[in-house]
Structures are given as C-alpha cells and as structure tokens.
Amino acid sequence: MGLVPSDLTSPGQRNSGFYEHRRSSVVLNLPGLEVFPGDLLVSNGAADYLCCHPLLLLNSESKKPRWPFSKRGVQGRDKHKHMSDLENCLSSVKITDFRGYEFHSLKAKTWNEVMETHQKLPTDQSDLRKQQEAVWELFTSECTYFLDHLLVLKMIFLNTLKYLQTYEYLLDVDLWRLFANLEELSQTSFGFVSSLFAIIKDYFDASETPPSMDFISVLTKHFRGSLCQSHQTYCLNYSAAVFYLESLKQRDDFGIYLKWCEQNEQCRRLHLPELLVAPLHRLTRYPLLLKNIWKRSTDSTEKIMIYSIKEKVEKSIRDLEGKVKWLDNFQKFRYLQEIIVWPPLWDRDKRFFIPECLKHIFKECMAENILSPTNRHLLYEGKLTLAESARFLDVYLFLFDDFLLVTKTKRNKKKVGGSDTGVMCPLLTPELQTVIKEGGSCTVLDQPIPLDRLAVRSLDPVPMSVFGLRNAFLIQHENRYRQCIAAFLLQAPTEHIKKTWMTQITAAISCFTRSQKTKKIPLFTSPGESSKI
C-alpha cells in the first residue's frame with residue numbers, strides 16, 4: 001500500500017510523496033541578537049518556532065507592496081488577459097482521486113460491519129469488544145481527518161497553488177504563511193493511520209484464538225513522536241494564516257484560484273477556512289479518544305500506558321497555549337515597534353538647543369530595546385483626548401507593566417502602498433488598525449512614565465465642564481524628589497472608560513510596587529539579622 005502521487009504534473013516529482021526538502025538552518029534577527037534555532041531560550045520554548053513564522057520577523061521587505069496589479073500599469077485589457085490565462089492554466093490541473101487509498105472504504109463503517117465482512121465472530125468478552133470499538137473510532141476518525149481535510153488541503157489547494165506558481169501565477173503568495181507545515185502534517189497523519197490500519201489487518205489475518213490487537217505500540221510511537229509536535233507547529237501559524245487569507249481574498253486572481261479549488265467535489269462544499277481549522281480541532285480531540293480507550297481497557301498495564309500517553313497529549317496542548325500567548329505578545333510588540341515613533345530630544349522639547357555637530361552624542365535608546373517583548377507586557381491601551389492650552393489632541397496610551405507611554409496619533413489620508421498591516425496583525429486594536437491603514441503613526445509625546453513615578457487623579461466634573469471637559473482625569477509624572485515634571489489632562493469618551501483607565505493604572509502601579517519590593521528582599525536573610533546591617 002503506497003502513497004497516492006502527491007504532485008499534479010511530472011512523474012519525476014511524484015516519488016517524493018509527502019516529503020518536503022527544507023533549508024537546514026535559519027537565522028533569526030532579534031534586537032541585538034543573531035541566533036540560530038535552539039539558541040534562544042524563552043518561556044515555554046516558544047522561540048523554537050519563530051523560524052517557522054516569517055510573519056513575526058518583520059523587515060523592510062515585508063512592507064513593500066507586492067500586488068500584481070499595483071503600480072505596474074496593468075489595467076483593463078492586460079488584467080482581463082491575465083485572468084483569462086489564469087483560468088486556462090487552472091483548467092489543465094489534474095487532481096488525483098483519493099479513493100486509491102486502501103483504507104478509504106473503511107472510514108464510514110462500524111466495527112461490527114467490518115467484523116461481519118471478515119467473517120469474524122464477535123468476542124464474548126464485553127470489555128474487550130468495547131476497547132476494540134474505541135480503537136476503531138480512533139482509526140476511522142483519523143481516516144476522515146487525513147482523507148477529507150489534510151489531503152484535500154494538500155492535493156487541491158497547496159499543490160494547485162504550487163502548480164500555478166510554476167507558470168508564474170500568484171508568485172507573491174507565501175505558501176508557508178498560508179499552509180505552514182501542512183505537508184509534514186499530512187505525512188505524519190498518513191503514517192499514524194497506516195500503522196493503525198496495519199495492526200487491524202494483522203488482527204483479522206491472525207490465526208490465533210482469540211487474536212490480539214497490538215495498538216499500544218502504535219500509540220506510543222506516534223504520540224511520543226512527531227504527531228503532537230507537527231500539530232503544534234501548524235497551530236502556532238493558524239491565526240496568522242487566517243488573516244493572511246482574508247487579505248488575499250481581496251485580490252481577483254487569488255479569488256479565481258480559491259473558487260476553482262472550493263468547487264472541486266472532493267472538498268464536499270467545505271471552504272478553505274473550514275479546512276484550515278481542522279488540525280486544531282483534531283489535536284484537541286486526541287485526549288478524548290484516548291480517554292475513551294483508557295476507560296474501556298481492563299488490563300492495568302495497558303491502562304497506565306494509555307493514561308500516560310493521554311497526559312502527554314494534554315501537556316502538549318497546554319504548552320501550545322503558552323507558546324501561542326508568547327508568540328502573540330512577540331508579534332504585537334514587533335508591530336508596535338513599527339508604528340511608534342520616538343522623536344529625538346531636540347524635537348521633543350524645544351527648550352533644548354543641540355547643535356548639529358553634537359547630535360550624534362545624543363543617541364536615543366532604540367524602540368527595539370524599550371519595547372522588548374521579553375522584558376515587559378502590555379496591560380491596557382486605548383484612545384483618549386488630551387487637553388492642551390489652546391486645543392484638544394487625539395492621543396493613544398499604552399499601559400505596560402512598568403511604565404505608561406503617551407503618544408499622539410498622526411493620520412495620513414494618503415494610504416501607503418498596498419501593504420495592509422492592519423489586516424495582517426489581528427492583535428492590534430481597531431483604532432490602531434485604522435491609523436495604520438491611513439499610513440499614520442503614534443508619536444511619543446514625552447518620555448515613558450515609570451509606574452513608581454506616576455500619580456493618577458480623578459477630577460471634579462463641575463469645574464472641568466467650564467473648559468468643555470467631560471469624564472476628565474489627571475496623570476502626573478513625578479521625579480525622584482516627588483516634584484511634578486509633566487502633567488496630562490485627559491478626557492475619556494465615557495465615564496465608564498474613565499473609571500476603567502483609572503482602575504487599570506492603579507492596579508498596574510500596585511503590582512509594580514509589590515514586584516519591586518520583592519526584588520529588594522535578600523534571598524538569604526535569617527530572622528535574627530538586623531535590618532540595619
């Protein structure tokens with residue numbers, strides 16, 4: 001029983017099956033570091049996956065518009081011809097029939113039906129029969145997952161896109177950002193379902209009475225092998241893939257490709273987003289299937305082994321949740337570094353005169369260092385109004401776990417190129433996405449305000465109404481001598497938002513103060529030691 005040919009064209013490539021050749025190493029450029037995979041150690045080991053997520057590592061190339069019809073004068077007739085040629089190319093694509101797999105006919109059958117087909121008498125042992133039914137459920141559900149989801153994604157969507165790119169269509173579509181390690185996942189699932197199928201065949205071919213089914217070795221091999229790992233890698237890319245897909249749907253040429261794929265009968269009316277989410281659902285279902293086998297097993301040794309495998313899968317899912325949170329935080333900080341502008345000292349405060357020949361001395365601390373995702377966390381953010389002496393200013397505040405940053409939003413009605421950063425990063429708030437889509441930025445108004453130097457005060461609405469202010473509160477920046485060196489009179493859209501901001505800031509100050517006190521406590525201090533020492 002071999003692999004169904006995975007390529008759409010040349011027989012020479014068909015022998016490769018599900019295997020994919022990749023580069024042996026990737027260099028990650030992080031702030032102040034040049035590291036290779038495995039060198040960067042962070043919580044939950046999330047950085048091991050950064051090399052698989054190019055979306056998270058922004059560079060100047062990623063900002064360049066790469067749309068096929070932007071700024072190239074490809075309009076009217078040329079565009080129509082391009083679309084027509086694309087449709088003709090799609091008409092030459094040949095999709096392999098999935099029914100060539102030996103286990104294809106078994107996915108919809110019950111255990112009793114298969115027993116009758118092979119003229120096997122049901123076992124008299126009720127517990128053993130229930131265990132066999134549970135193993136059969138794991139096998140048939142894996143068949144469905146592999147044949148109806150992974151193989152459809154690979155053979156119809158991924159391989160068709162590869163085929164089009166060989167004819168120079170949709171060349172700018174990033175295969176990894178859309179499908180991640182789909183080929184590896186397909187290969188892993190195929191190996192798992194084939195192993196299960198092999199032990200089931202051996203069970204029916206066995207001459208012993210009663211025959212045994214050695215499923216423990218298969219579960220151990222695959223669940224302790226690459227099955228969970230490959231699903232983790234895919235799931236870490238899923239969120240970015242969905243939003244990348246949404247941005248691609250705006251294009252006519254990609255729309256033609258997508259419609260052609262989704263109309264294939266083997267998709268069974270499933271759309272690409274519904275297929276892309278299948279590995280996430282499958283990973284979370286594995287513990288339930290394993291628990292079902294465990295409950296129906298009677299042998300104590302088997303139960304211990306199945307339970308340990310189930311625990312490993314559940315731990316893998318918990319680890320994934322931690323990695324997703326870390327990567328979300330990392331990705332968001334990388335985008336913030338792109339949109340937050342840090343003006344130099346002489347632009348930020350006109351009181352300081354710095355001759356041109358001396359400006360090289362005042363090298364500002366780079367935003368990459370200040371907004372390091374490994375150093376701090378963003379607790380709260382939002383849009384407010386700042387009252388100045390003669391005007392109101394739209395500002396955007398970022399509350400981190402150790403300082404508050406006040407920025408003013410600068411909008412540019414002229415959109416920049418064709419890159420839609422707001423769509424690519426769903427972690428940004430709608431307000432920030434709007435600013436980015438308009439080619440704007442957030443310019444830092446003053447230096448970051450450390451939380452231990454920050455005071456927040458609610459203001460009486462009556463005197464504030466004289467100045468046209470509602471829902472106002474005051475933020476003060478104090479120096480180490482408790483002198484106020486900056487003040488921000490802020491107005492929230494509603495009283496509820498004002499109270500939320502004040503609560504968030506107060507809570508952040510309290511947490512920061514407690515953490516600072518904890519750091520100052522000596523690690524090795526006996527109760528008898530004097531505090532004066």
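In the range 423-474, what residues are in contact with a Phe, Trp or Tyr (Cβ under 6 Å, 6 or more places away or on another chain), closer than 25 Å to Trp342 by Cβ and open to solvent by 40 Å² or more (accessible area, probe 1.4 Å)?
Within the range 423-474, Pro450 is the sole residue that qualifies.
Find the residue count for the range 330-356, including only residues that are in a loop (DSSP other than H, G, I, E, B), modelled with pLDDT under 85 and open to solvent by 60 Å² or more (accessible area, probe 1.4 Å).
3
Please specify each residue of the range 136-158 satisfying the condition of being over 25 Å from the mean Cα position of the chain (by Cα) and under 20 Å from Ala241 (Cβ atoms).
none
Being in a strand (DSSP E or B), under 22 Å from Leu393 (Cα atoms) and modelled with pLDDT of 95 or more: is that true of Ile475 here?
Numbers: in a strand (DSSP E or B): yes; under 22 Å from Leu393 (Cα atoms): yes; modelled with pLDDT of 95 or more: yes.
The answer is yes for Ile475.
Condition first: open to solvent by less than 10 Å² (accessible area, probe 1.4 Å) and among the acidic types (Asp, Glu). Now tell me which residues in the range 138-158 satisfy that.
Glu142
For the range 285-300, enumerate the residues that are surrounded by 14 or more Cβ atoms within 10 Å (Cβ to Cβ) and in a loop (DSSP other than H, G, I, E, B).
The answer is Arg296, Ser297.
Can you find a residue in the range 303-317 that is small (Gly, Ala, Ser), open to solvent by less than 80 Å² (accessible area, probe 1.4 Å) and more than 25 Å from the chain's Cα centre (by Cα)? Outline the logic, then answer.
Our first condition is that a residue be small (Gly, Ala, Ser); within the range 303-317, this holds for 308, 316.
Still in the running and open to solvent by less than 80 Å² (accessible area, probe 1.4 Å): 308, 316.
Adding the requirement that they be more than 25 Å from the chain's Cα centre (by Cα) leaves 308.
Yes, the range 303-317 has at least one match.
Among the residues of the range 320-328, is any open to solvent by 80 Å² or more (accessible area, probe 1.4 Å) and closer than 30 Å to Gly440 by Cβ?
Start the filter on the range 320-328 by keeping residues that are open to solvent by 80 Å² or more (accessible area, probe 1.4 Å), which leaves 321, 325.
Still in the running and closer than 30 Å to Gly440 by Cβ: 325.
Yes - at least one qualifying residue is present in the range 320-328.
Which condition number does Glu102 fail, the rest of (1) open to solvent by 30 Å² or more (accessible area, probe 1.4 Å); (2) more than 23 Å from Leu227 (Cβ to Cβ) being met?
(2)
Is it the case that Leu161 is open to solvent by less than 10 Å² (accessible area, probe 1.4 Å) and within 25 Å of the chain's Cα centre (by Cα)? Outline the logic, then answer.
Values: open to solvent by less than 10 Å² (accessible area, probe 1.4 Å): yes; within 25 Å of the chain's Cα centre (by Cα): yes.
Judged against the criteria, Leu161 is a match.
Just checking, how many residues over the range 467-492 are under 13 Å from Ala387 (Cα atoms) and not charged (D, E, K, R)?
Narrowing the range 467-492 to residues under 13 Å from Ala387 (Cα atoms): 467-475, 487-492.
Those left that are additionally not charged (D, E, K, R): 467-469, 471-475, 487-492.
Of the residues in that region, 14 qualify.
Report the residue count in the range 142-177 for those that are on the phi > 0 side of the Ramachandran plot and free of Cβ contacts under 8 Å to residues at least 40 places away in the same chain.
At the first step, the residues of the range 142-177 found to be on the phi > 0 side of the Ramachandran plot are 168, 170.
Right, trim to free of Cβ contacts under 8 Å to residues at least 40 places away in the same chain and you get 168.
Counting residues in the range 142-177 that are on the phi > 0 side of the Ramachandran plot and free of Cβ contacts under 8 Å to residues at least 40 places away in the same chain gives 1.
Working only within the range 271-284, note down all residues that are in a helix (DSSP H, G or I) and surrounded by 14 or more Cβ atoms within 10 Å (Cβ to Cβ). First the steps, then the outcome.
Of the range 271-284, the ones in a helix (DSSP H, G or I) are 272-276, 278-284.
Once the filter is applied, which keeps residues that are in a helix (DSSP H, G or I) and surrounded by 14 or more Cβ atoms within 10 Å (Cβ to Cβ), the range 271-284 yields Leu272, Leu275, Leu276, Ala278, Pro279, Leu280, Arg282, Leu283, Thr284.
Would you check which residues across the range 428-461 are modelled with pLDDT of 90 or more, assigned to a loop (DSSP other than H, G, I, E, B) and among the β-branched types (Val, Ile, Thr) and list them?
If the condition is that a residue be modelled with pLDDT of 90 or more, assigned to a loop (DSSP other than H, G, I, E, B) and among the β-branched types (Val, Ile, Thr), then no residue fits.
Identify the single condition in (1) within 41 Å of the chain's Cα centre (by Cα); (2) part of a loop (DSSP other than H, G, I, E, B) that Lys498 does not satisfy, given that it satisfies every other one.
Among (1) within 41 Å of the chain's Cα centre (by Cα); (2) part of a loop (DSSP other than H, G, I, E, B), the lone unmet condition for Lys498 is (2).
Using the structure shown, decide if Phe512 is buried (at least 17 other Cβ atoms within 10 Å of the Cβ), farther than 20 Å from His377 by Cβ and in contact with a helix residue (DSSP H, G or I) (Cβ under 9 Å, 6 or more places away or on another chain). Quick ask: steps written out before the conclusion?
Working: buried (at least 17 other Cβ atoms within 10 Å of the Cβ): yes; farther than 20 Å from His377 by Cβ: no; in contact with a helix residue (DSSP H, G or I) (Cβ under 9 Å, 6 or more places away or on another chain): yes.
Answer is no for this residue.
If you go through the range 475-506 one residue at a time, how many are over 16 Å from Phe403 (Cα atoms), buried (at least 16 other Cβ atoms within 10 Å of the Cβ) and either touching an Asp or Glu at 6+ places or on another chain (Cβ under 6 Å) or not charged (D, E, K, R) (or both)?
Selection size over the range 475-506: 4.
The values are calculated or read from the model by the stated rules, or taken from the named source; none is laboratory data. Everything quoted here is computed from the prediction, not taken from an experiment. Because the Cβ atoms are built from the backbone with ideal geometry, glycine has one as well, and the counts that use them run over all protein chains shown. The accessibility values were calculated without ligands, DNA or RNA, using every heavy atom of the protein model including side chains. Shrake-Rupley method; radii C 1.70, N 1.55, O 1.52, S 1.80 Å.
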